[in-house]
Every structure is written in structure tokens, then in C-alpha cells.
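Working notes for the structure below.
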Amino acid sequence: MSLPVRITALLVAFAAVAVGAAFIIVHYLLASPPTVTYNASGGVVNIMLQEDPQNDSASKPDWVSYFVQNPSTKKWVHTTLFSVPKGTTAHVTILGYDGCTPPRNNFWSLVQGTIGGTVNLSIVNNKGVATPTRRVSVINGWAGCTVGHTFAIPALHLFVPVASPNAYDSANNLCGVSPCTSGPHAVESFSFRVPDHAGVLRWQCYVPCGGGFLDGNGGPMQTIGYMTGNMEVRA
Amino acid sequence: MATPEAPAARARADANHGLRIFLIWLPLAVVADLLIWFLWKPHMPPGTMSSSAEHQQFDIAVMAVVAAPVLLFIWVYAGYALVNWHQRAGDEDDGPPIHGNAKIQATWIATTAVIVLGLFVFGTVELIVPAGAGAGEGPAPIWQPSTSHRLEVQVIGQQWAFTYRWPQYGGMETSELVLPNNATVEFHVTSLDVIHSFWAYQLGVKADANPGVDNIAYTTTKEPGTFTVRCNELCGLWHGAMFNYGHIVSPAAFQRWATHWEAVQRSNGLLGMLPPYRTTYDPTVIPQLGASIVKIDQITGGAGYYYPPQDPVTP
């Protein structure tokens with residue numbers, strides 16, 4: 001093999017490796033779900049989330065997942081990244097479409113860190129009938145089929161159990177296409193104070209969602225874009 | 001060509017070298033040790049917020065005091081050798097053969113033996129006297145504090161947060177760690193999922209949190225303030241964010257805090273919802289129902305149940 005051919009072959013091989021490495025870096029390592037931006041109105045930010053028994057991804061469609069509603073388009077975005085302005089009051093509404101799963105530690109049944117230490121809760125059944133909204137400080141995830149997930153920002157000591165549809169609906173009638181627009185679900189709302197300084201606060205679920213691993217948190221629990229994410233506090 | 005020295009003259013010269021090195025080294029070592037003890041020690045980690053932290057600070061200072069003269073001796077000897085025994089211009093001879101020196105060898109062996117054995121005894125005493133030195137001693141601690149008046153705090157690790165149970169306050173559970181000053185604390189460290197490690201840095205307390213294991217560590221709080229609690233065992237995605245801050249407050253303030261939360265959790269029903277206080281927990285069982293959490297009627301997830309670990313589609 002002549003020298004020019006060998007040099008060309010070497011360069012081609014090097015370029016192939018470089019392109020492959022760049023593809024992996026860009027496609028996998030730097031890939032991130034989109035961030036939904038919320039703005040304040042009168043010092044209040046309205047955040048809309050839903051958690052589903054499945055999701056709309058091609059790779060892991062059976063993973064439970066949160067969705068975040070874009071406040072401008074009202075479309076549900078498959079992400080767990082959102083940003084809010086600092087020093088505001090966040091008013092969060094979570095639509096809990098996923099069925100119940102007992103928390104590993106029932107301490108997470110206690111509402112903590114919200115304004116007033118409570119959440120407002122209503123359950124919509126499979127016929128679309130909603131229970132009256134009631135204010136509760138505890139949703140006992142061990143007493144029956146009551147809790148699906150939690151929404152927690154540990155740095156703010158914010159721990160909120162998210163209710164689920166009842167036992168019958170959890171077992172038979174859950175929404176099957178994400179993002180969910182119908183089907184039995186919980187409607188839960190609460191407020192908390194956003195810190196006065198900018199930063200990134202992680203949030204997560206403390207229930208090993210959809211069953212999960214008995215020996216630790218499984219896939220969606222450890223994957224940003226599914227059951228954990230970041231709340232960016234903007235300056 | 002160098003003139004061969006008489007053995008007696010060389011011995012005298014060697015003695016002078018030794019004396020000179022010693023006289024250079026001694027004041028330096030004394031000054032270094034005084035600086036370490038009086039200037040540096042008060043600022044050494046992990047501080048003085050607890051008995052175990054105090055002892056660890058003391059231990060680090062003692063080891064620095066022992067190590068500094070050794071280090072200085074090496075530096076002084078190297079510097080002295082460079083100045084006095086470097087090759088002179090025109091001197092192309094080999095150095096004289098070394099036939100051993102019983103006195104130096106004996107001194108070296110005796111000194112290092114004293115240091116190593118001394119540190120062995122010192123380390124053992126320092127492990128025993130402060131009741132395990134703030135480290136987890138497992139479920140049956142060998143070294144315990146002399147007082148039986150102890151505040152029991154159970155530390156529960158879970159991906160990714162520590163929570164705390166207080167058996168002497170009705171078994172309440174909190175996400176915050178508050179301790180009274182001048183109190184002997186008995187930590188019972190366990191986990192509900194994977195291996196974590198409870199590291200209360202400024203308290204000098206570190207104990208692994210293993211599922212199904214009651215790992216006991218002791219300390220006595222010494223001064224009010226804030227300390228950092230970190231997980232010190234890689235435990236998943238948010239391991240790096242698994243930290244918070246604890247507080248040592250006055251006994252009266254602690255009593256107010258604890259009784260307040262006990263009353264709150266009694267009134268909102270949480271105390272009855274938590275499992276009965278135990279040193280370890282089986283997260284697959286709901287004690288109140290006496291049932292396995294793996295698959296029970298009425299408590300079924302979207303997928304129907306907790307997947308067994310071998311399930312290939314476990315999300």
C-alpha cells in the first residue's frame with residue numbers, strides 16, 4: 001500500500017472516530033429535554049404539571065412520566081425542566097393520571113413546605129365526575145389506593161404527596177395515551193414561595209413510581225425528563 | 001585525587017555533621033509544632049461542635065505534630081547534604097563505600113518503632129474513649145458513652161433524602177435534624193433502599209446507611225450552630241444533591257421544636273400512619289396492614305404492583 005493511500009486511510013479512520021464521538025456527545029451526553037418558561041403575573045406563577053402512567057417517547061413508552069404545560073400554547077411538553085422568576089409565589093396544579101403506589105416511607109404522605117401546609121384536592125372518576133375540592137395536610141398512601149407519586153423540592157423542604165385515582169380506576173381505567181387529556185385523575189393544587197435568589201433546584205418523586213425497584217429507584221426515577229428534573233429560578 | 005581520611009577523623013566529622021543537622025532541625029521542629037498546636041489546631045476540621053469532632057481535631061493535630069518533625073528532618077537533611085556533600089569542582093572520585101552504621105540504624109528503627117507503636121496505641125485509645133469516635137459501630141456497639149441519658153435519633157436514608165425519627169418523641173419523623181446542645185446523641189442509621197452514608201461533617205459523625213441494618217454512632221454536642229449533613233456513598237442520580245443542614249440549639253429550644261412537631265404529627269394523624277418505630281424497616285411490607293407491599297389488593301399501581309427485581313421491564 002502506497003504512502004498516500006495509507007495516509008488517506010488513516011485520516012478517514014480518524015475522521016470516522018471523531019464524527020462518531022461527536023455524535024455520541026451531541027446526541028446522548030448533551031441531549032436534554034426542553035425547558036418550559038413560566039412568567040409571573042402579580043407576583044404569582046401558575047405551574048401546570050401532569051403525571052401519566054406512560055409517556056409519548058419512542059424509546060421508553062412504558063415509563064411513568066411527568067409532563068409540563070407550556071403556559072403560552074397550553075400544550076403538554078414531555079419534560080421535567082421549567083423555570084420561574086425569583087421571589088414569586090408558585091401556584092402548582094398537578095393532574096395525577098397515574099394509579100396508586102404505596103410510598104416506601106409513609107412520611108411522604110405528609111404535605112410539607114406548602115403555604116399553609118396543605119394542598120387542595122379533588123378526584124375525578126372514570127365518568128368524569130369530580131369530588132368536591134377539599135383542603136388536606138395528609139394523603140395517607142398506606143391506607144388504601146390514594147397516592148400515585150410525590151412532588152418534592154428537597155432544598156425548599158417542599159414534599160407533596162400527589163393523589164391518584166381510586167383503586168378501581170387505578171386498576172381498570174387509567175389514561176392510556178400521553179399526554180393525558182381524559183380519564184380518571186386527581187386534581188391537586190398548592191402554593192410555595194420561590195427563593196429570592198437565582199439558582200437551579202432539583203425536584204423529584206419519592207414514590208418508586210409505577211412499582212419501581214424494591215432495592216432502589218429505577219429508570220424513570222433517575223432520568224431527567226421523566227420523574228425528576230430541575231426548577232430553574234431566574235434572576 | 002582526594003586524600004584518604006583517617007577513620008578517627010572521619011568519625012569526628014560525621015559526629016559534627018550529625019550534631020549540626022540536629023541543631024538546625026531541633027528549633028525548626030519545635031517552632032513548627034508550636035505553630036501547629038496553637039495556631040493551626042483551632043482551625044482544623046471538623047471543628048469543635050461535638051465530642052467526636054473535638055477528638056478528631058485533636059487526633060489530626062497530634063498526627064501533624066508527630067509528622068512535622070519527621071518531614072522537617074528529611075528537608076533539613078536533604079538541604080544539609082546538598083550544601084555540604086555536593087560534588088566539588090575537580091572531584092571525580094566515587095564516594096567512600098558505606099559499611100553500615102549501627103548507631104544510626106538503631107536510632108532509625110527505634111524512632112520509627114516508637115512513632116508507629118505510639119500512634120497505634122494513641123489511635124486505639126482515641127477510638128475507645130470517645131465511644132467509637134463518631135463512626136458507625138454496627139447494631140451492637142462495643143464502645144458506648146458512659147451516660148445512659150441519651151437522645152435517640154434514627155437516620156433513614158432514601159434516594160435522595162435523609163429523614164429522622166425520634167423514638168423518645170412518639171416516633172415522629174422529620175426532614176430536619178435539630179439537636180440540643182450538651183446532649184449525648186445515639187444515632188441509629190439505616191436505609192430504605194440502597195446504601196447511603198450519613199455524614200454530619202461538623203459533628204464528626206459518619207455511619208453507613210445500609211438497608212436492613214441498624215448502624216449506631218454516638219456523639220455529644222458541644223456548641224450551638226449549623227452543620228452539614230451529606231450522603232457519603234454514591235447512591236444514584238441525585239447523590240450529589242443529597243445534603244441538608246442540621247442545627248444544634250439550646251436544650252429549651254430543642255424541647256420546644258420537638259414537642260411542637262410531635263403534637264403536630266399527632267394531630268394530623270401522621271404518627272399513626274408511620275410504621276411502629278423499629279431499628280430497621282422492610283420497605284416491602286406495610287405493617288399497619290400486615291401485608292406485603294409487593295402485590296396487595298387495594299394498593300396497586302398503574303402497572304399493578306411493585307415489580308419484582310428480576311422483572312425485565314421494570315421501569
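Only the coordinates and a few stated rules stand behind these numbers; no lab work does. Treat the numbers as computed from the prediction; the structure is a model and nothing was measured. As a convention, Cβ positions derive from the backbone with ideal geometry for all residues, glycine included, and neighbour counts pool all protein chains shown.
What about B:Phe243, is it closer than 17 Å to B:Val153 by Cα and of a type in the set (Phe, Trp, Tyr)? Answer is no for this residue.
Restricted to the stretch A:22-53, and to residues that are part of a loop (DSSP other than H, G, I, E, B) and among the hydroxyl-bearing types (Ser, Thr, Tyr), which residue is nearest to the other protein chains (Cβ to nearest Cβ)?
Once the filter is applied, the top-ranked residue is A:Ser32.
In this structure, A:Val147 does not qualify as within 9 Å of chain B (Cβ to nearest Cβ) and touching a residue at least 24 places away in the same chain (Cβ under 8 Å).
Look at A:Thr80 and say whether it is more than 9 Å from chain B (Cβ to nearest Cβ) and buried (at least 19 other Cβ atoms within 10 Å of the Cβ). Here the answer is yes, as A:Thr80 does meet what is asked.
Pairs under 8 Å by beta carbon, first residue basic (Lys, Arg) in the stretch B:201-220, partner not in a strand (DSSP E or B), six or more apart or different chains? Pairs that qualify, where the first residue is basic (Lys, Arg) and the partner is not in a strand (DSSP E or B), are B:Lys206/B:Gly134; B:Lys206/B:Gly136; B:Lys206/B:Asn232. Report yes if A:Pro179 is more than 8 Å from chain B (Cβ to nearest Cβ), within 24 Å of B:Met273 (Cα to Cα) and either part of a loop (DSSP other than H, G, I, E, B) or free of Cβ contacts under 8 Å to residues at least 60 places away in the same chain (or both), otherwise no. It is false that A:Pro179 is more than 8 Å from chain B (Cβ to nearest Cβ), within 24 Å of B:Met273 (Cα to Cα) and either part of a loop (DSSP other than H, G, I, E, B) or free of Cβ contacts under 8 Å to residues at least 60 places away in the same chain (or both). Identify the residue in the stretch B:198-257 that is part of a loop (DSSP other than H, G, I, E, B) and touching a Pro at 6+ places or on another chain (Cβ under 9 Å) and, among all such residues, is nearest to the other protein chains (Cβ to nearest Cβ). Selected residue: B:Trp238. Criterion first (more than 9 Å from chain B (Cβ to nearest Cβ) and either crowded, with 21+ Cβ neighbours inside 10 Å or part of a loop (DSSP other than H, G, I, E, B) (or both)) does A:Gly128 satisfy it? Yes; evaluated as a whole, the condition is true for this residue. Applying the condition of being more than 10 Å from chain B (Cβ to nearest Cβ) and of a type in the set (Val, Ile, Thr) to the stretch A:95-117 and asking which residue is nearest to A:Asn217 (Cα to Cα) yields A:Thr114.
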